[in-house]
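Quick notes on the structure that follows.
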Amino acid sequence: MRRTVVAGQLLAAALVVCMALNGQAQVMGEEAELDRLRAKAEDAMGNDDAETAAMSMGRAALMAAQLSKRQTEPAPRQTFTATEHLYRSQEHGYRAIALFRRAGGELPASAGVCGSLQLAQLELRHAQETLSQPDDTEGKNTASPRRKAAQQSMEDWSIVLDSIQGDFRCPS
């Protein structure tokens, strides 16, 4: 009888550990999917396919939003929220490029293209504001690698977005 109780307790403990590991694996899997979608968008842009890039960035933004909602700690939640805004900015920027090409590539760009670029600028500002707020890790002098990558991506994207806006002759 005692063996049955101990075996039952061990089984219950093993199930709890397996469920916890499965939950962690799911989060890690979702983060990997987020990175895969971002890489897919970058590859599409490298292949001059702005429409596919926009679609992939939209999916990556949705994944970042889901990850943000699942975070219990404020610092990772803030990072994923900023990442969502950054990816939305890139989605709008890529859509503007696709629309510009579909419209024949005549300068100055149409109001629709410039409007998409304005949305991209707005989302980028949201991302920058979100990451400019202090997080818990700043006191430790170490930001997470994902946060550092998001900050660098925002800086790079800001330059690219300003360049696109100038090239398309859109008002600032």
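Sorted by mean Cβ packing within 10 Å, highest first, what order do the peptides 161-167, 116-122, 64-70 take?
116-122, 64-70, 161-167
The stretch 88-115 to the stretch 145-172: how many Å between their Cα centroids? If you average the Cα positions of each part, the centres end up 15 Å apart. Per residue, the Cα convex hull of the stretch 37-165 amounts to 91 Å³.
Placing unit charges on each Cβ (+1 for Lys and Arg, -1 for Asp and Glu) gives the stretch 58-170 a dipole about its Cα centre, and among Leu117, Leu107, Ser68 the Cα reaching farthest toward its positive end belongs to Ser68. In a simple Cβ point-charge model (Lys, Arg +1; Asp, Glu -1; nothing else charged), the stretch 23-93 has a dipole of about 340 debye relative to its Cα centre. On the stretch 32-171, 51 percent of the accessible area sits on carbon and sulfur atoms, based on a 1.4 Å probe.
The values are calculated or read from the model by the stated rules, or taken from the named source; none is laboratory data. These numbers were taken from a predicted model, which means no experiment stands behind them. Methodologically, a virtual Cβ is constructed for each residue, glycine included, from the backbone with ideal geometry; neighbour enumeration extends over all protein chains shown. The protein model used for the area step is the full one, side chains on, heavy atoms only, and it has no ligands, DNA or RNA in it. Shrake-Rupley method; radii C 1.70, N 1.55, O 1.52, S 1.80 Å.
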